[in-house]
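Okay, structure first, notes after.
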Amino acid sequence: MTVPNAAVHADAVQTLSNWEPGEYGQRALREAFLGFLAARPDACARSCVPGHLTASAVILSHDGARVLLTLHPRVGRWVQLGGHCEEGDTGLAAAALREAVEESGIGDLEIDPRPLHVDVHLITCSLGLPTRHFDVRFLLRAPADATPVRSSESVDLAWWPVDALPPDVAPALGGHHLRPDTWINSASAEPPPRG
């Protein structure tokens, strides 16, 4: 039997095993993600009904002052871009980058291949079944002249100042681990290699 998204699964284990988050809660979640991956060879496939890994993109403007958010039609609030891993993705960061380009229309995004944050949330997926998303979020930076183009997957797409996020923004996006000063400091570092 062929395991769906086996390459992404192997990359997820390696990426999360090598990631050292600073917060206890993030370390505990990382261990839960690794346990789920160990128990479920199909953990990176949308067809894994108990839950599956997803890849998200926190896209900063080139100067780090704004973050690109999408008004998600099913969730009904502003969230980071991202989605399901697909066959052909070589890893979690590659899936996040693919989703970011598809949903924003912005090419030449720079991605830090290290996770920024992990989150687990209940959701009813596009398959119509309640499930859990084990979301791995990555930090991306847009080129200076980036002009986003809304895709059919979004109700709206907009740049928001990192210090003035919309009132209905997803709770995790406004949390301590994604403070605006953290984003700005991350964005001011040397950009990671394109990947």
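Values quoted throughout were computed directly from the atomic coordinates according to the rules given, and no laboratory measurement underlies them. Quick caveat, the model's predicted, so the values are computed rather than measured. Note: ideal-geometry Cβ built from the backbone for every residue, glycine included; neighbour counts use all protein chains shown.
Listing for the model above:
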| item | result |
| --- | --- |
| Cut-off under 5 Å, modelled amide H: who pairs with Leu81 long-range | Ala57, Ile59, Thr70 |
| 18 Å reach of a label modelled at Ala144, 7 Å along Cα-to-Cβ, counting backbone N of segment 44-68 | 60-66 |
| Residue order, fewest to most surrounding Cβ atoms within 10 angstrom, among Cys44, Cys85 | Cys85, Cys44 |
| Helix-only CD estimate at 222 nm, as mean residue ellipticity for the chain, using -39500 (n - 2.57) per DSSP H run (n ≥ 4) | -8000 deg cm²/dmol |
| Other-chain or far-sequence residues with amide H under 5 Å of Leu157's (modelled H) | Leu71 |
| Read-out Cα Rg over 2.2 N^0.38 Å, derived from the coordinates shown; its label in (1) 1.29; (2) 0.96; (3) 1.34 | (2) |
| Net charge over other residues, Cβ less than 11 angstrom from the Cβ of Ser56 (K, R count +1; D, E count -1) | -3 |
| Share, in percent, of DSSP beta bridges within the chain that are antiparallel, nearest 5 | 75 percent |
